[in-house]
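This report refers to the structure that appears directly beneath it.
Bear in mind these aren't lab numbers, they're just calculated from the coordinates by the rules spelled out. This is a predicted model, so every value here is computed, not measured. Heads up, the Cβs are rebuilt from the backbone with ideal geometry, glycines too, and the neighbour counts pull from every protein chain shown.
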Amino acid sequence: MDYHLTGSKNQQTILFLHGLGADLSQFEEQQSYFESNYQVLSISLPLDKNPLSLSTIAVEIKMLLNKLDIKYVHIVGNSMGGDIGFELLKNYPSTVLSLCTFGTTPYMKSSKSFTLIMKFFIWICPLKLIAKLASYSGVNSKAQNKIYEMCMKQSKATLYKSIDMLSNFDYTDMIETSQKPLCIIKAQKDKEINRLLAKPIKKWEKRRWFTLYELKHSGHFANLDKPVKFNEILSSYLKGL
């Protein structure tokens, strides 16, 4: 598993988990920003596991944390990375100090037909087209170029087999039971995710363990669209714990 570890071992650790089609370089600006006050670990998620599931990826990450002698982490996850964060919270609750997600929903119930359509699209389309379409989730040209660059490093086979594990899951009950600090950074232009977040946010907005931030002029990869504001929000959240 590729990873980037910086900062002092004597500080608390932030674990950054990227979204589908991305890699650890998604969090380059966060790595450099937070490493003076935290130990910072970014991972390129192991999507070559067979069978591939959120659970198997969580196991691999836990093994890496053990290898690096990291006992506790603040998890920051984007999209798929947030779902893997929920899986780590579910299976290794004592390891997770807090969880911050963006571009992530705590539940997904996709129909079989929708899943098949997505897989068929990935199967027939060239990687350049998939990467170009993915880049439109960025709000500015810099973010779009970065998203395209990361997607072009992925294999179609990896993207294809990742669809199933991201089609059906539900962490809402687990989140409420754990009551671990949870922060959602809601990106203004991430409309489909925001639609799915409406119900849990309404349910959790008055819970003492829940924090909501809204980030304007940002999309699914909010940390790439608005890195300075994203860093300020995340820093404020972590300092307030």
Legend entry - 4 °C / 1.567 mPa s Stokes-Einstein diffusion coefficient of the stretch 45-186, Kirkwood radius on C-alpha pairs, µm²/s: 79 µm²/s
Legend entry - In order through the stretch 100-110: 3J(HN,Hα) via Karplus (6.51 cos²θ - 1.76 cosθ + 1.60), integer Hz, x for Gly, Pro: 10, 10, 8, x, 10, 10, x, 8, 8, 10, 9
Inset, instruction - Along each of the three principal axes of the Cα atoms of the stretch 132-241, give the extent in whole Å, ordering the values from largest to smallest. - result: 41, 33, 23
Legend entry - In Hz, Karplus ³J(HN,Hα) per residue of the stretch 137-145 (6.51, -1.76, 1.60; θ = phi - 60°; x = Gly, Pro): 6, x, 8, 10, 5, 5, 5, 4, 5
Inset, instruction - Pull up all non-local amide H partners of residue 77: gap of 5 or more, or a different chain, and H-to-H distance under 5 Å with H placed in the peptide plane. - result: 17, 100, 101, 102
Inset, instruction - Taking the Cβ of each residue in 40, 228, 96 as the centre, tally the other Cβ atoms inside 10 Å and list the residues starting with the fewest. - result: 228, 96, 40
Legend entry - Residue order, fewest to most beta carbons within 10 Å, for 38, 3: 3, 38
Inset, instruction - Multiply the residue gap between residue 149 and residue 209 by 0.36 nm, knock off their C-alpha separation, and tell me the result in nm, one decimal place. - result: 18.0 nm
Inset, instruction - Under 4.7 Å Cβ to Cβ, no partner at all: give me those cysteines from the chain, in residue order. - result: 125, 151
Inset, instruction - Once you have the Kirkwood Rh of the stretch 1-123 from its Cα pairs, apply Stokes-Einstein at 4 °C and 1.567 mPa s and quote D in µm²/s. - result: 86 µm²/s
Legend entry - Approximate spin-label separation residue 9-residue 123, in nm, with each point projected 7 Å along Cα-to-Cβ: 4.9 nm
Inset, instruction - Work out from phi, with θ = phi - 60° and the Karplus expression 6.51 cos²θ - 1.76 cosθ + 1.60, the ³J(HN,Hα) of each residue of the stretch 222-238, listed in order in whole Hz, and give x for Gly and Pro. - result: 4, 5, 7, 6, 9, x, 5, 5, 4, 4, 5, 5, 5, 4, 4, 5, 5
Legend entry - Residues 104, 95, 13, 177, sorted so that the one with the fewest Cβ neighbours within 10 Å comes first: 177, 95, 13, 104
Inset, instruction - Work the Kirkwood hydrodynamic radius out for the chain: mean of 1/r over every pair of different alpha-carbon atoms, inverted, in Å. - result: 18.0 Å
Inset, instruction - Provide the packing ranking of 179-187, 78-86, 41-49, i.e. peptides ordered by the mean count of other C-beta atoms within 10 Å per residue, highest first. - result: 78-86, 179-187, 41-49
Inset, instruction - Could you list, in their original order, any pairs among 142/191; 9/180; 156/202 whose Cα atoms are separated by more than 28 Å? - result: 156/202
Legend entry - Highest average packing first - 57-70, 120-133, Cβ atoms within 10 Å: 57-70, 120-133
